[in-house]
Amino acid sequence: EDAAQLRRRKRRSLLAVSGTYAAITTWMYFAWFYDKPELPNFTFGGDRWFQDSTYAGGADKLGHMWSGYALGRLTTTLLRRGGWSPGAASILGSSLSCALFTYVEIHDGFYYQMSPGDLAGDATGCLLSWVMERSPTLDRMFDLRVEYVSSPEYRRTFLDGDINIAEDYSGQSFMLAAHIGEMPWLRAQPSAKYLRYVDVVVGFKTRNYKPDPDPELGKQRRQTLFLGLSLNAQAVWDDVFARQRKLR
């Protein structure tokens, strides 16, 4: 690949990143700010962290962290495929993600409030995306996940035109998974090929905080911290396609 081809690949990757951010920004505007009244003054305050009296029970902070992380990883991947070096792609990817979410938090100050807790979640996710990109060993060992099944409350509001799926916290569960078979002290063991399918996960979820449940149903707010085992679907997926390639 000559220099001219590399420049074209890089430009195409920047166009892909620009289109991605334009689409996300457009969705954010209609989900959070369109037709919303502005506050009389810019507001900076704390909606606190994981107290059970907060509006989302703390799930919003993990949502901000996961979003910053996921967008940073996506941006980095687009740049890497466009020929950017791993170091430049990871720095630019995490920085762009952090810049977008910081802008959103500032904008929040004119409509809701600018939350230091949300900013901390955004920054943590963006930093984590850079760390994982720069450390393949850590990236093999751990995975930050969100599991989502839409809540009945959100499904009802969606039919009325609500596109704010990001705040359907009653349908989300956040998990940090440890891939047992990828631990350095186990990878060389014969049993590691089976341990690859098993993850140890620690997770957190809230229910009946956001969206607001029907008060007539009397649903109680719940915060749940859990520890368990899960199937590493990525390992299964990789093995299935590896076998298919061998059959060809």
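Okay, here's what the table says:
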quantity: Under 21 Å from the Cα of Lys36 - lysines, other chains or at least 8 residues apart; calculated: Lys210
quantity: Label-to-label distance, nm, for residues given as Trp185 and Phe33 (7 Å Cα→Cβ offset); calculated: 5.0 nm
quantity: Mean Cα-pair separation over length for region 141-248, i.e. relative contact order, pairs under 8 Å, 6 or more apart, %; calculated: 25 percent
quantity: Estimated 222 nm signal from helices in the chain, with DSSP H stretches of n ≥ 4 weighted -39500 (n - 2.57), rounded to 500; calculated: -17000 deg cm²/dmol
quantity: The chain - percent of accessible surface contributed by carbon and sulfur, probe 1.4 Å; calculated: 61 percent
quantity: Projected label distance in nm at Gln5 and Arg134, using a 7 Å step from Cα toward the beta-carbon; calculated: 3.1 nm
quantity: Efficiency of FRET between Gln234 and Ile106 - r from beta-carbon atoms, R0 51 angstrom, step 0.05; calculated: 0.90
quantity: Efficiency of FRET from Cβ geometry, Asp52 and Leu127, R₀ 25 Å, rounded to 0.05; calculated: 0.35
quantity: The chain: antiparallel DSSP beta bridges as a percent of all, rounded to 5; calculated: 95 percent
quantity: Environment charge at Asp118 (Cβ cut-off 15 Å; Lys +1, Arg +1, Asp -1, Glu -1); calculated: -3
quantity: With Cα atoms, 0 to 90° folded angle of helix 59-81 axis to the chain main axis; calculated: 40 degrees
quantity: Contact order relative to length of the chain, as percent, for alpha carbon pairs under 8 angstrom and 6 or more apart; calculated: 18 percent
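The values are calculated or read from the model by the stated rules, or taken from the named source; none is laboratory data. These figures come from a predicted structure and were not determined experimentally. All Cβ positions, even for glycine, are placed from backbone atoms using ideal geometry, and neighbour counts span all protein chains on display. Each accessible area value is taken on the protein alone, full model and side chains, heavy atoms only, with ligands, DNA and RNA left out. Shrake-Rupley method; radii C 1.70, N 1.55, O 1.52, S 1.80 Å.
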